[in-house]
Amino acid sequence: MKKIIFLSCIFILAINISAQNEDEKKYILSTNKSSIIFSTLNFTDPYLSPLPYSGLGVSYNSDINSLLSPERTNISMQSKLNMATGLLLNPASTASMIYFGMNYGRGIQYYFQPVNGLQLWAGGLWDIDFGYKEIERNVNNPINFDLSTNLNLTGLASYDIHLQKRSLKIQLAVQSPLIGCMFVPNGGASYYEIFELGNMTNTIHFSSLHNKRGINGTFSMNVPFRYSTWRFGIGFKSLKYTANDLVFKRNELSLLIGTTFDFAKFSGMKNKAPKNFISTNE
Amino acid sequence: MKKYIFILLFSVVWLPSCMNEPTMQPNTNIGNFEALWQIIDRQYCYLDYKHINWDSIHTVYQNEVSNSMEKFDFFDLMGDMLDELKDGHVNLSSGFDRTRYWHWYMDYAPNFSSELIYNDRYLGENYRIAGGFRYAKIANDSIGYIYFGSFSNEFSDTNMWYIMSYLKDCKGLIIDVRDNGGGSLDNSEQLASYFFKEETVTGYIRHKIGSGHSDFSVPVEIKTSASKKIQWQKKVAVLCNRMSYSATNDFVNRMKQAPNAIIVGDKTGGGSGLPFSSELPNGWTIRFSASPMFNANMQQTEWGIDPDVIVDLKSTDQAKGIDTIIEQAIKILKE
């Protein structure tokens, strides 16, 4: 009987030690911030029209952040995806502009904590931006594409407010283009000449603060509920760029609503899920 | 460090206002007049070529514009100003009217009658239709005749394959583009490609690169490729008149370089400037020639292209149901 009790104790201890090892191993969680954004839009595209167009837009934004490695907790990787659509009118409401946009970027940020409770992240993000604008009633210049790639400065300030029942996280994220290149045709060049005759002269431009400036900011608050964390906020975007004597502007004011959740990714042979995780993929 | 942060913030937040933006005109008659005048001044491509003193036109019309003018009167006045450009591609469009300049064909003999081409001597009643082409065998089935009334009509290689199969035993082919006011340049190139044996430079295009009246880009070649699927190797006559305009003018220009083609009829109407659109503060839209297109010798074709054989429609022939221009083309093709 003593032998049985002794062996049982050894077995339970072994299981506990194993479990403790699993617990002690650190896994990186990715934080996903998904939002639906409703915006007022104000575009000026002098290739299509000298007049400013204004209207409404809706977009989906996904922002995923994760630490570089369990050992490097002061550097995080970021990937962003934004898909947008909008409908804008000229000041006299006699013509409309349809807008579709997509932006994808990957970046890296450095973390530091200047004061207790306040977290700051600063870094860079490289992105690719695509926009399609159409004024249907135009002949030979009904469409203009926004095509650009940029290295952006990014920053994030995050502060936790502890209330009686829950903790709120308020965040201010900003992004500003620094250097890159962009597609801007001459005001008189038709897409027939550019794409069908292949005359790309003077359409690709180096961009930096001398000809492209802007700021994209979001002020948001994460509110945890019982089983989910919701995110509410306001956003602003102001972008102005020039090439070929044309000045383009894009201004947006937004309301956003979304969710925030953490997830872990396990795949491959060396990154298998711990045994206390169960999956349909086993 | 603080200094650099300040400079960076200054650059991001304040410098956008340093980019020179054109001033927006107010939505008044005077503001709309100024906006229209400026669009033409900066973007219209034929001011120097047509020897138009746009500054003096500003002076003349500025004196007639006032903010108290009625919309219709103001619109008509702007139409008169745009008529000074003598350009069929220039239109001012509002919700109630569209200005137009039609003297490029109205001041000339029509040289076309749809009644004639649909009589039994030519298309008759039992002609075939494919992709906007109306076609039949004429002159005792010895000549193929195709009437194409608009380059806005889409067509495919399959359409043309059937047409050329049907007409393959004919000695020659007539492509009639009289009274064809234009449409798509792509269609013009596609139709011309059936008559080329190899890719050929058939013209050039330029565009405005500045606000000066002669600030143009370096000319870029416009090539007409040879269709890889279908080629008409026999003689072809292209019939044109003053109403052969815009994309049709472009088609005639391309066919001038086709190896077995001859252009018969009247001078084309021209319209070689690729039109663009812009708009005024009141929402009216303005269409204007923006990119000049040239022939293979870098000569302007804005005022039209001369045919190889000039033929006018005779009223005596017309009275007998005979189209003088088609008859002349038949004669040339049978030689």
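The values are calculated or read from the model by the stated rules, or taken from the named source; none is laboratory data. Just so you know, these numbers come straight off a predicted model, no measurement behind them. Methodologically, a virtual Cβ is constructed for each residue, glycine included, from the backbone with ideal geometry; neighbour enumeration extends over all protein chains shown.
Structure above, values below:
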{"read-out": "Neighbours by Cβ (under 7 Å, 6+ apart or cross-chain): first from segment B:36-55, within 14 Å of another protein chain (Cβ to nearest Cβ); second surrounded by fewer than 21 Cβ atoms within 10 Å (Cβ to Cβ) and not in a loop (DSSP other than H, G, I, E, B)", "value": "B:W37/B:H58; B:I40/B:W54; B:D41/B:W54; B:L47/B:W54"}
{"read-out": "Segment A:230-251, subset within 20 Å of the chain's Cα centre (by Cα) and surrounded by fewer than 17 Cβ atoms within 10 Å (Cβ to Cβ), residue farthest from the other protein chains (Cβ to nearest Cβ)", "value": "A:W230"}
{"read-out": "In segment A:103-124, residue farthest from the chain's Cα centre (by Cα) [restricted to those that are under 22 Å from A:D160 (Cα atoms) and of a type in the set (F, W, Y)]", "value": "A:F112"}
{"read-out": "Residue within segment A:117-137 that is on the phi > 0 side of the Ramachandran plot, within 12 Å of another protein chain (Cβ to nearest Cβ), surrounded by 15 or more Cβ atoms within 10 Å (Cβ to Cβ) and not acidic (D, E) present", "value": "no"}
{"read-out": "Residue check, B:D169 surrounded by fewer than 22 Cβ atoms within 10 Å (Cβ to Cβ) and either away from every other protein chain (no Cβ under 11 Å) or within 19 Å of A:N140 (Cα to Cα) (or both)", "value": "yes"}
{"read-out": "Residue list for segment A:210-229, filter: within 11 Å of chain B (Cβ to nearest Cβ) and more than 20 Å from the chain's Cα centre (by Cα)", "value": "A:H210, A:N211"}
{"read-out": "Positions within segment B:58-96 being among the acidic types (D, E) and either in contact (Cβ under 8 Å) with a residue 40 or more places away in the chain or more than 26 Å from B:G304 (Cβ to Cβ) (or both), in sequence order", "value": "B:E64, B:E70, B:D73, B:D76, B:D87"}
{"read-out": "Elements of type strands (runs of 3 or more DSSP E) contained in segment B:206-270, each with 3 or more residues being away from chain A (no Cβ under 14 Å)", "value": "B:235-240, B:261-265"}
{"read-out": "Options B:N67, B:N126, B:N63; residue that is modelled with pLDDT under 95 and farther than 25 Å from B:G271 by Cα", "value": "B:N126"}
{"read-out": "Matching residues, segment A:209-224, being surrounded by 15 or more Cβ atoms within 10 Å (Cβ to Cβ) and of a type outside the set (A, V, I, L, M)", "value": "A:N211, A:K212, A:R213, A:G214, A:N216, A:G217, A:T218, A:F219, A:S220, A:N222"}
{"read-out": "Selection status of B:G304, crowded, with 19+ Cβ neighbours inside 10 Å, touching a Phe, Trp or Tyr at 6+ places or on another chain (Cβ under 7 Å) and either free of Cβ contacts under 8 Å to residues at least 40 places away in the same chain or not acidic (D, E) (or both)", "value": "no"}
{"read-out": "Check on B:R100, more than 14 Å from every other protein chain (Cβ to nearest Cβ), over 30 Å from B:G172 (Cβ atoms) and either without any contact (Cβ under 8 Å) to a residue 24 or more places away in the chain or part of a strand (DSSP E or B) (or both)", "value": "yes"}
{"read-out": "Verdict on B:L274 being more than 14 Å from chain A (Cβ to nearest Cβ), modelled with pLDDT of 95 or more and part of a strand (DSSP E or B)", "value": "no"}
{"read-out": "In segment A:167-186, residue farthest from the other protein chains (Cβ to nearest Cβ) [restricted to those that are surrounded by fewer than 17 Cβ atoms within 10 Å (Cβ to Cβ) and more than 20 Å from the chain's Cα centre (by Cα)]", "value": "A:S167"}
{"read-out": "Close pairs from segment B:186-199: first buried (at least 20 other Cβ atoms within 10 Å of the Cβ), partner of a type in the set (F, W, Y) and in a loop (DSSP other than H, G, I, E, B), Cβ under 6 Å, at least 6 apart", "value": "B:Y194/B:W232; B:F195/B:W232"}
{"read-out": "Of all residues making up segment A:187-207, the number that are touching a residue at least 24 places away in the same chain (Cβ under 8 Å) and facing chain B (nearest Cβ under 10 Å)", "value": "4"}
{"read-out": "Hits in segment B:51-102 - residues which are surrounded by fewer than 13 Cβ atoms within 10 Å (Cβ to Cβ) and under 19 Å from B:G182 (Cβ atoms)", "value": "B:W102"}
{"read-out": "Qualifying residues in segment B:307-331 (those that are β-branched (V, I, T) and assigned to a loop (DSSP other than H, G, I, E, B)) - the one nearest to B:I117 (Cα to Cα)", "value": "B:I322"}
{"read-out": "Test result for A:V184, under 30 Å from B:Q43 (Cβ atoms) and touching a residue at least 60 places away in the same chain (Cβ under 8 Å)", "value": "yes"}
